[in-house]
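One structure is given here, and the rest of the page talks about it.
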Ligand SMILES: NC(=O)c1ccc[n+]([C@@H]2O[C@H](COP(=O)([O-])OP(=O)(O)OC[C@H]3O[C@@H](n4cnc5c(N)ncnc54)[C@H](OP(=O)(O)O)[C@@H]3O)[C@@H](O)[C@H]2O)c1
C-alpha cells in the first residue's frame, strides 16, 4: 500500500476567513500549535484581536484584519496584506458564511442574493486573488467550506443550500485543472452539524464540537484529501438520501427536515 505523505503546517502561511466563527476560530487555535504563520480575517475586529492574543502565547505568529467578504476590495486587501507580511500564502481555509432561513410563505429573493454574495461570491473573490499567488508558487491549498447536504434541497433552507451547492460545483470544476496545471489543491469541506453560533437555536442531533471539526479538517488537509466530510454517521445518512428517487425524497416530512427552531410563519 502507498504511504500517504502528510503535509506539515510548520512554518506555513495559513489564511483563514471567518476566523471569529465557531469552526474558523477552532481552526486558528488548533493550527497555532503547529508553529505556523496565521492570517485571520472576519468583520469583528475585537474578536480577532482576542484570538490573536491567544495565538501570541504559542510558537505561531498571527496577523489579523477586518474583511467583509461581500466587499471584493476587502478580500483583495486581505490577500495582499497576508502576502506582503509573509511573502507567500500556502494554505487558505475559507469558512466565512451565514445561515438564514427563507420560508416559502415569505419567499424573498433578497435573502438568496445576500446569502449568495457571502457564501458563494465571497469565496469566488478569494479564489480570484489567491490563485495567481499559488500559480506562481506552483503550490498551495485552497479549502472552501460547503455543507454536507450539498446535493438535495432541504425544505426551508434553499438560500443556504443553493449557495453551498454552488461552492461544491465550483470546487469540483477547478480541482483537477488547478492540480494538473499548477500543483494547487482545491479541497471542499463538507461539515455536518457542528455546535457553533450558526446553528444556535436550531437543535441538531449528533452535532459535534468545533474543536473536533477543526481536528478533522486539519488532518484532512494534511493528508491531501479532496473532500473532507464529517461526522461519519451523518455522511452515511446524507449520501444515502442523495440516492433516493425524487418521489421517495419528497415523502420525507418537511417540518422535520427544517429542524427545531425553524421560524413558524403564519400566512395571512
Ligand atoms: N455549524 C454547522 O453546523 C455547519 C454545517 C455545515 C457547514 N457549515 C459552514 O461552516 C462555515 C463556518 O460556520 P460556523 O458554524 O463556524 O459559523 P459561525 O460560528 O456563525 O461563523 C461564521 C463566520 O463567518 C463570518 N462571516 C459571516 N458573514 C461574513 C461576512 N460578510 N464577511 C466576512 N466574514 C463573515 C463570521 O465573522 P464576523 O461576524 O466576525 O464577520 C464568522 O467568523 C460556514 O461556511 C458554514 O456555512 C457549518
Query raised in the report: Taking neighbour counts of Cβ atoms within 10 Å as a proxy for exposure, in what order, fewest first, do 67, 36 appear?
Result: 36, 67
Report summary line: For the chain, the longest principal axis of the Cα atoms and the Cα long axis of helix 122-137 enclose an angle in degrees, to the nearest 10, of 30 degrees
Query raised in the report: Which shape class, rounded, prolate or oblate, goes with the chain when its Cα gyration tensor gives a ≥ b ≥ c as root eigenvalues, a/c under 1.5 marks rounded, and past that a/b bigger than b/c marks prolate?
Result: prolate
Query raised in the report: Cα axis of helix 72-86 to longest principal axis of the chain: angle in degrees, 0 to 90, nearest 10?
Result: 30 degrees
Query - For region 1-58 versus region 244-260, the gap between their alpha-carbon centres in whole angstrom - result: 37 Å
Report task. Normalising by the residue count of region 1-141, find the relative contact order in percent from Cα pairs under 8 Å and 6+ residues apart. Result -> 25 percent
Query - Estimated [θ] at 222 nm from DSSP helical runs (n ≥ 4, -39500 (n - 2.57)) normalised by residues in the chain, nearest 500 - result: -13500 deg cm²/dmol
Query raised in the report: Can you give the extra length, in nm with one decimal, that the chain gains between residue 108 and residue 43 once fully stretched, where that is 0.36 nm per residue apart less the Cα-Cα distance?
Result: 20.9 nm
Query raised in the report: What is the helix-to-structure angle for 232-241, meaning the angle in degrees between its Cα long axis and the longest Cα principal axis of the chain, kept from 0 to 90 and rounded to the nearest 10?
Result: 50 degrees
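Each value in this text was obtained by applying a stated rule to the coordinates, not by laboratory testing. Everything numeric here is computed off the predicted structure, so don't read it as measured data. Reconstructed Cβ throughout: ideal geometry from the backbone, glycine too, with neighbour counts over all protein chains shown.
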